[in-house]
């Protein structure tokens, strides 16, 4: 089994509770972790886990927990025939001098702005809540090179996270 691509259900609830702050300059810190083909994360994943996270085959390009993402900003569709869609982007994630194999990825929040609820009125301390999972479409291997996860263009139709 591999990582199944999609927004995590817990994330959808958490945005309604104000857990995730995507402001570009003063928002939360988001990271992207890479996983092997034996990882079995799906939309039901609620938080980052190191289980089946990749390791370097040589060198030190990849650090456990992944890479901090740079928020590319949030926006909304304001064109003619507007769809009422809000969207956000991250700058591409780049590991230089990398030697590893990855099959999937998880974006997660290391500094949630608020706490979640397991049931109405019950506060939970959230640790590294998951946002979304990305399938890389199979094993991707790099050997002493650059490994890049290129996020879609910052447009309403292609952003990494869209809420319509």
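The values are calculated or read from the model by the stated rules, or taken from the named source; none is laboratory data. Small disclaimer: the values here were computed from a predicted structure and weren't measured. Here the Cβ positions follow ideal geometry from the backbone for every residue, glycine too, while neighbour counts run over all protein chains shown.
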Query - Single unsatisfied condition, residue 12 versus (1) surrounded by fewer than 20 Cβ atoms within 10 Å (Cβ to Cβ); (2) in contact (Cβ under 8 Å) with a residue 12 or more places away in the chain; (3) closer than 12 Å to residue 130 by Cβ - result: (2)
Query - Odd one out for residue 65, checked against (1) under 24 Å from residue 162 (Cβ atoms); (2) part of a loop (DSSP other than H, G, I, E, B) - result: (1)
Query raised in the report: If you go through segment 72-92 one residue at a time, do you hit one that is closer than 27 Å to residue 126 by Cα and at pLDDT 95 or above?
Result: no
Report summary line: Exactly one of 105, 68, 33 is closer than 15 Å to residue 149 by Cα, under 12 Å from the mean Cα position of the chain (by Cα), surrounded by fewer than 21 Cβ atoms within 10 Å (Cβ to Cβ) and modelled with pLDDT of 95 or more, and that one is 68
Requested in this report: Can you tell me which residue within segment 15-26, out of those that are assigned to a loop (DSSP other than H, G, I, E, B) and in contact (Cβ under 8 Å) with a residue 60 or more places away in the chain, is farthest from residue 109 (Cα to Cα)?
Outcome: 17
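Table: residues versus (1) at positive phi; (2) at pLDDT 95 or above; (3) touching a helix residue (DSSP H, G or I) at 6+ places or on another chain (Cβ under 8 Å).
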position: 5; (1), (2), (3): no, no, no
position: 13; (1), (2), (3): no, no, no
position: 16; (1), (2), (3): no, no, no
position: 24; (1), (2), (3): no, no, no
position: 37; (1), (2), (3): no, yes, no
position: 49; (1), (2), (3): no, yes, no
position: 59; (1), (2), (3): yes, no, no
